[in-house]
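The values are calculated or read from the model by the stated rules, or taken from the named source; none is laboratory data. Small disclaimer: the values here were computed from a predicted structure and weren't measured. Here the Cβ positions follow ideal geometry from the backbone for every residue, glycine too, while neighbour counts run over all protein chains shown.
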Amino acid sequence: MPTARRTGQGRDESPRSVGALVDEALGSEAQRERRRRILDSTLALASRGGYDAVQMRAVAERADVAVGTLYRYFPSKVHLLVSALAREFEKIAAKRTFPSGRTPRERMHLVLSQITRAMQRDPLLTEAMTRAFMSADASAAAEVDHVGRLMDRMFAEAMSDGDPTQLQLNIARVVSDVWLSNLVAWLTRRSSANDVAMRLELTVDLLLGNAEASM
């Protein structure tokens, strides 16, 4: 994953060593439900007002938890939004509804098209999650790495009929980086949706055109 994903600048929060609590670290169903409620509230606020609308007090009020409790689960809004992004990718992976295609290249084209369109349907939410992901510093390294692994695995499995090969995982990492950079270009209005689609299609053709024989 690129260095740009791991280090951020211009953040209000100072770096901390404490990461967000994941479901596996929570001992009771009530705690897991509270975490889900917090993330649902984060997504709702981001969808309505983008990155700036996700304020810790607003999230706490919407999720019906104390602000101190919220900080125990998520040390900052960046942790909140990156964790929310991870959960969205986890939902995609759990559904396993990747489209069928005759070749890895066809399947990759279809998956990229579906995911990109889904992100573009809710630009404020996408802007919030992507901005947090790109600006995260070392305090959120675990969350950022988790999202990176989810993306890589998702794209690798789109190419594979079973467990992805190392070659497919390597290609998936490149596709993840290109996809993310083009999503940022679209969000910042430096590229149109059509520009993004064309670049992603070209990237897949260049990467998989010669690699399919090795798969």
### Task
Test Thr103 against the stated conditions and say whether it is over 10 Å from the mean Cα position of the chain (by Cα) and among the β-branched types (Val, Ile, Thr).
yes
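Can you name the residue in the range 93-105 that is in a helix (DSSP H, G or I) and over 15 Å from Leu200 (Cα atoms) and, of all such residues, is modelled with the lowest pLDDT? Can you show your working first?
To start, the set of residues in the range 93-105 that are in a helix (DSSP H, G or I) comprises 93-95, 104-105.
Cutting the leftovers down to over 15 Å from Leu200 (Cα atoms) gives us 93-95.
Values: Ala93: 79, Ala94: 80, Lys95: 75.
Out of the qualifying residues, it is Lys95.
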### Query
Restricting attention to the range 57-92, which residues are surrounded by fewer than 18 Cβ atoms within 10 Å (Cβ to Cβ) and part of a loop (DSSP other than H, G, I, E, B)?
Asp64, Ala66
### Residue among Met151, Met129, Met108 that is farther than 30 Å from Met56 by Cβ and assigned to a helix (DSSP H, G or I)
Met108
### Query
Pairs under 7 Å by beta carbon, first residue over 10 Å from Leu183 (Cβ atoms) in the range 116-130, partner modelled with pLDDT of 95 or more and β-branched (Val, Ile, Thr), six or more apart or different chains?
Ala128/Val54
